[in-house]
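Visitor: Starting off with a structure, shown below.
Bear in mind that the values in this text are calculations on the coordinates, not laboratory data. Quick caveat: nothing in here was measured; it's all calculated off a predicted structure. Positions of Cβ are generated from backbone atoms using ideal geometry, with glycine treated the same way; all protein chains shown enter the neighbour counts.
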Amino acid sequence: MKIAYILNTYPQPSHSFIRREVQALERSGITVNRIAMRQADVPLVDPGDRREQERTDYVLAAGAGRLCFGALRRLLRHPGRVWRAMRTAQQLARASKVGHLRHIIYLTEAAYVADQVETAGVEHLHAHFGTNSTAVAMLASDLANVGYSFTVHGPEEFDAPHTLSLQTKIAKSDFAVAISSFGRSQLCRWAAFEHWDKLKIVHCGIEPARFADPAPLPEGPLRLAAIGRFVEQKGQMVLVQALSDLAQDCPDVQLTLIGDGEMRADLEAAIAEHGLQDMVTLTGWLSEADVRSELARCHALVMPSFAEGLPMVVMEAMAAARPVIATYIAGTPELVRPGETGWLVPAGDKAALAAAVRDAAATPRSRLEDMGQAGRDRVLQRHDCDQEVQKLAGHFQQAVAARGNPH
């Protein structure tokens, strides 16, 4: 079977789960064409991301002239399909905040995708995130007469279900994937009842072999790691404020902030304002190997997010046998169990977050080890990448079989 992944920006440092999924599909015998609208606008540190970049077909790199000519050629060859896709694009545009012109661009991009799909003999399209990548996949599905599906991660899709036309995207798809039970429940809010059977759960996965021999917890005072983009929804500012409250009674706690983003300057200013330079280290983006090294040097992961789907970094920390301090949001409670694998606190509550860090600092190392092992057992049982991809591959096969010969 040959499928195409339709993505907005790929690869990206914070989206390594897509790369793992694609590669696991290929290990299962499925051919995967990678088609993305654009390259990442940040340096790719990880060698795996750089290799994926070399294998990806970038739509916008074709140039406006080629894209417009391709759309015109498709109109002349398949006018019925193009008019059908145009009606779909107009429907999306009426609901969106970006208007008709942007959706004409999506349609032009979809024409390029349709050309690549037909040339390669692709049997099914799959997009990640229910945003413009799924819009392009849906339009390309109309143009190339192949089925499509998409994976919803959240929280962006759950913040704007109407303007993203989630109901339409689900209705026209062969199936839609949520990464947690919570995620599926949110899709049920926007899907018509007759389409609920299209809503599948496929967890994002980790590669157990990369965490085959977890490092023992380090000696000494509590060391924490927080991993993610520096944006409001990740809650790093609340974490800095919580550490400020802890500076007097837990001055030896160390925090490593791994990642980068638009809030870096704000975080650096807050760290300086609270005098936390000796407690907090910012590393920028790291390769996967370096992230694992940082996890090996810490006692626990802290994830103070306001909004999430189900964070990959929580899975990776648990696979590395590290307890997790996280917020009680979205799919996170499906994985993190208070008192068993870590701590859960209300999002945005700096006092509760500070209390959880204080509790972790006072917890004996042996107890932290037990919690880390319990978390490792849980995540390996639920989030093995190859096992989850087998579920996804089964959905692809059923969708292709139901449609018959797409061409």
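Visitor: Rounded to the nearest 10 degrees, what's the angle between the helix 99-120 long axis and the longest principal axis of the chain, both from Cα atoms, 0 to 90?
Guide: The answer is roughly 80 degrees.
Visitor: Output ³J(HN,Hα) for the stretch 126-140: one whole-Hz value per residue in order, computed from phi by the Karplus curve 6.51 cos²θ - 1.76 cosθ + 1.60 with θ = phi - 60°, and x for Gly and Pro.
Guide: For the stretch 126-140, the Karplus curve yields 9, 10, 10, 6, x, 9, 5, 4, 6, 4, 5, 4, 5, 5, 5 Hz.
Visitor: Less than 22 Å apart at the alpha-carbon level, and either on another chain or at least 8 residues along: which lysines does that give for residue 172?
Guide: Within the straight-line cut-off, residue 172 pairs with 2, 97, 198, 200, 391.
Visitor: When a footprinting reagent is the concern and you count Cβ atoms within 10 Å, what order do 128, 195, 153, 100 take, fewest first?
Guide: Listed from fewest to most nearby Cβ atoms, that is 100, 195, 128, 153.
Visitor: Hey, quick one: spin label on residue 269, modelled 7 Å out along Cα-Cβ, who in the stretch 233-251 has an amide N within reach, i.e. under 14 Å?
Guide: Answer for this model: 237.
Visitor: Report the label-to-label distance for residue 185 and residue 26 in nanometres (one decimal), using points 7 Å from each Cα along the Cα→Cβ vector.
Guide: According to this spin-label approximation, the distance is 3.7 nm.
Visitor: For a protection proxy built on the mean count of beta-carbon atoms within 10 angstrom, sort 311-320, 273-282, 79-88 highest first, please.
Guide: Per-residue mean Cβ counts within 10 Å order the peptides as 311-320, 79-88, 273-282.
Visitor: Sticking with this structure for a sec: Expressed as an acute angle from 0 to 90° and rounded to the nearest 10, what is the orientation of the C-alpha long axis of helix 288-297 relative to the principal long axis of the chain?
Guide: Approximately 20 degrees, to the nearest 10.
Visitor: If a/c stays under 1.5 just call it rounded; otherwise compare a/b with b/c (prolate if a/b is bigger, oblate if not). Do that for the stretch 209-382, with a ≥ b ≥ c from the square roots of the Cα gyration tensor eigenvalues.
Guide: Here the stretch 209-382 falls in the rounded category.
Visitor: May I pose another question? Report the gain in length on full extension from residue 365 to residue 159: 0.36 nm times residue separation, minus Cα-Cα distance, nm rounded to one decimal.
Guide: Extending this stretch completely gives an extra 70.2 nm.
Visitor: Sticking with this one: If you take every residue apart from residue 261 with its C-beta less than 11 Å away from the C-beta of residue 261, what net charge results, scoring Lys and Arg +1 and Asp and Glu -1?
Guide: Neighbourhood net charge equals -1.
Visitor: Return the long-range amide H neighbours of residue 280 (sequence gap of 5 or more, or a different chain), with a cut-off of under 5 Å between placed amide H atoms.
Guide: Under 5 Å from the amide H of residue 280 lie the amide H atoms of 255, each far enough along the sequence or on another chain.
Visitor: Under 28 Å from the Cα of residue 350, which lysines turn up, not counting those fewer than eight places away in the same chain?
Guide: Here the lysines satisfying the reach criterion relative to residue 350 are 234.
Visitor: Using Cα-Cα distances under 8 Å and only pairs 6 or more residues apart, what relative contact order does the chain have, in percent?
Guide: 16
Visitor: Right, another one. Which residues does the label zone of residue 61 cover in the stretch 90-112, counting backbone N under 20 Å from a point 7 Å along Cα→Cβ?
Guide: Those under the cut-off are 106, 108-112.
Visitor: I would also like to ask the following. May I ask for the net charge around residue 309, where only other residues with Cβ less than 10 Å from the Cβ of residue 309 are counted and Lys, Arg are +1 while Asp, Glu are -1?
Guide: In short, -3.
Visitor: Taking K and R as +1 and D and E as -1, what net charge do the other residues with C-beta under 15 Å from the C-beta of residue 165 add up to?
Guide: Once all neighbours under 15 Å are counted, the net charge is +3.
Visitor: To the nearest 10 degrees, how steep is helix 16-27 against the longest Cα principal axis of the chain, on a 0 to 90 scale?
Guide: Compared with the principal axis, the helix lies near 60 degrees.
Visitor: Using only Cα atoms, locate the centre of the stretch 191-248 and the centre of the stretch 1-42, then give the distance between them in Å, rounded to an integer.
Guide: Answer, in whole Å: 22.
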